Amino acid sequence: MRPDSAPVGPTASPLAVALAAVAVSSVPLWMALFTALRGEHPRRAEWIGLGVGFLGVAWLNAGSRLAATPVGLVALLVATIAWAYGSIWSRGRDLPQPFMAAAAQMLCGGAAMVVAGLAIGERLDDWPTAGGLWAVAYLASFGSLVGFSAYIWLLRHVRPALAGSYAYVNPVIAVLLGAWLAGERFGPQDLGAMAVVLSGVVAITLARARAVPARTVAGDQA
């Protein structure tokens, strides 16, 4: 089990949610750094795309409250770095298939979170509402079974910069879902920020697409 996403949960209350979103969007940058330290240097276009995507997420949350306690900031920093390092470390390892790996990590991580919650005094005073249960079911199915399994698969088959770009796409999807399901409104600034985020993702994707033909041509000439 990687000590990655667990600190984000307990720090969400002393942290502004927008700050957590900005911090999590730094994961692709950390992943690129750890990849470079291993000798697999990202392409220049990937670095540009990563920087543009991060700035876009920061802009998207610029109008929100960005505050945190020192403990919350440290825990969030540890969470993002641990997630990025664990993602890069897992590449090339003899690990179970994505579904089994996701199940094992979620089971161990969930048990650890229960123990940590009890240790700091959290208790289940009331039975969750129907909305809360549906939210948990959604997170368990789409967030864990589908999303996390897909992420593990991507780590094995694509470059880290492209796999980590999920951290840029997620805030955009969250804004659109909020407008669709909850009637939330967004203005021109939000549209501009989302355009910047998506342009960063496009740059990362095109860098990968150009790299494949380049290697193919080099192999044919050899």
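Laboratory data are not the source of any read-out in this text; all were calculated from the coordinates shown. Keep in mind that what you see is a predicted model, and the values were worked out from it rather than measured. Cβ: placed from backbone, ideal geometry, glycine included. Neighbour counts: every protein chain shown.
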Charge tally in the Cβ shell below 10 Å around Glu40, where Lys, Arg are +1 and Asp, Glu are -1, Glu40 excluded: +3
Ranked Val22, Val146, Val78, criterion: other C-beta atoms within 10 Å, fewest first: Val146, Val78, Val22
Centre separation in Å (Cα based) which lies between region 78-96 and region 106-127: 24
Debye, to nearest 20: dipole size of the chain, +1 on Lys, Arg Cβ, -1 on Asp, Glu Cβ: 680
Ranked Leu73, Leu50, Leu107, criterion: other C-beta atoms within 10 Å, fewest first: Leu107, Leu73, Leu50
Under the Karplus curve 6.51 cos²θ - 1.76 cosθ + 1.60, θ = phi - 60°, whole-Hz ³J(HN,Hα) for region 116-132, x wherever Gly or Pro sits: 5, x, 5, 5, 9, x, 6, 9, 8, 6, 10, 5, x, 6, 4, x, x
37 °C / 0.692 mPa s Stokes-Einstein diffusion coefficient of region 116-178, Kirkwood radius on C-alpha pairs, µm²/s: 228
Table column - 3J(HN,Hα) (Hz), region 53-68, Karplus curve with 6.51, -1.76, 1.60, x for Gly and Pro: x, 5, 4, x, 5, 4, 5, 4, 9, 5, x, 9, 6, 10, 9, 6
Tail weight of P(r) past 23 Å, computed on alpha-carbon pairs of region 8-221, percent: 54
Rel. contact order, % - alpha carbon contacts under 8 angstrom, at least six apart, region 8-221: 38
Neighbour count of at most 13 Cβ within 10 Å plus DSSP loop: longest trypsin sites (Lys or Arg not before Pro)-free window in the chain: 124-184
GNM result for the chain, Cα springs below 10 Å: residue of Ile48, Ile204, Ile173 fluctuating most strongly: Ile173
Residue with peak Gaussian network fluctuation, the chain [Cα springs, cutoff 10 Å], from Gly192, Gly164, Gly86: Gly192
Selected from Gly117, Gly183, Gly51 as most flexible by GNM, with the chain as the system and alpha-carbon contacts under 10 Å: Gly183
